[in-house]
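Report on the structure given below.
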Amino acid sequence: MTEIGFYHLTRTGLDAALPRLLGRTLAAGERAVVICGSAERVAALDTSLWLAPEPDWLPHGTRLSGHADLQPIWLTTEDEAPNGARFLFLIDGATARLDAFERVFDLFAGSDAEAVAAARLRWTAARAAGYAVTYWQQGPRGWEKHG
């Protein structure tokens, strides 16, 4: 069964939190797909991941770079996993076929009331659909699991 984690960004922004989670995913031997809310977000994330210094640099690709099957991380706006990823990261309120993945990471900004309200609706829908859901919030020492 798919496990869905809701990640409440309260201490850092997406640009700081997402690369750390992606790094952990790669370290675990998994591939990831990141579904973004817009093509502009894909482009910005692509640039920031390419410019990250070692050891934070993360190999990845997009539709523009191609070779999806060779990419451990795939950035897209589509509900797809052409790199065979089992881990899905949803940002900007993006949605996808959840049951196609082993783990789903739904990241949302704690400073945005609309994003928090939308995440609550996604949580309720996922729980009602029978998915195993968890809530994570950034704490002083990293991610803390609640309830």
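Only the coordinates and a few stated rules stand behind these numbers; no lab work does. Fair warning: this is a prediction, and the values are worked out from it, not measured in the lab. Cβ sites come from the backbone with ideal geometry, for glycine too, and all protein chains shown count toward neighbours.
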Per-residue [θ]222 nm for the chain (sum of -39500 (n - 2.57) over DSSP H runs n ≥ 4, rounded to 500): -9500 deg cm²/dmol
Cα gyration tensor shape of the range 9-55, rounded if a/c is under 1.5, else prolate or oblate by comparing a/b with b/c: rounded
Positive-end extreme of charge dipole, the chain - chosen from 17, 48, 123 (charges on Cβ): 123
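Let's see if you can work this out: charge +1 on each Lys and Arg Cβ, -1 on each Asp and Glu Cβ, no other charges. What is the dipole magnitude of the chain about its Cα centre, in debye to the nearest 20?
460 debye
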The chain: relative contact order in percent, alpha carbon pairs under 8 Å with at least 6 residues between: 35 percent
Cα shape, the range 60-104, gyration tensor, a/c 1.5 rule: oblate
Rg followed by Dmax, in Å, when the range 1-121 is reduced to its Cα trace: 13.4, 38
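Near residue 134, within a Cβ-to-Cβ distance under 12 Å, what is the net charge of the other residues, with Lys and Arg +1 and Asp and Glu -1?
On the way: positive: 103, 127, 145; negative: 3, 106, 144.
Result for the neighbourhood of residue 134: 0.
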DSSP-defined beta bridges in the chain - what % are antiparallel, rounded to 5: 15 percent
Cα-based shape type of the range 99-147, given that a ≥ b ≥ c are square roots of the gyration tensor eigenvalues and the cut on a/c is 1.5: oblate
Summed residue charge, Cβ within 11 Å of residue 80's Cβ, Lys/Arg positive, Asp/Glu negative: 0
Student exercise, the range 92-147 dipole from Lys, Arg, Asp, Glu Cβ charges, in Debye to nearest 20: 200 debye
Selection from 109, 36, 67, by position along the positive dipole direction of the range 18-144 (Cβ): 109
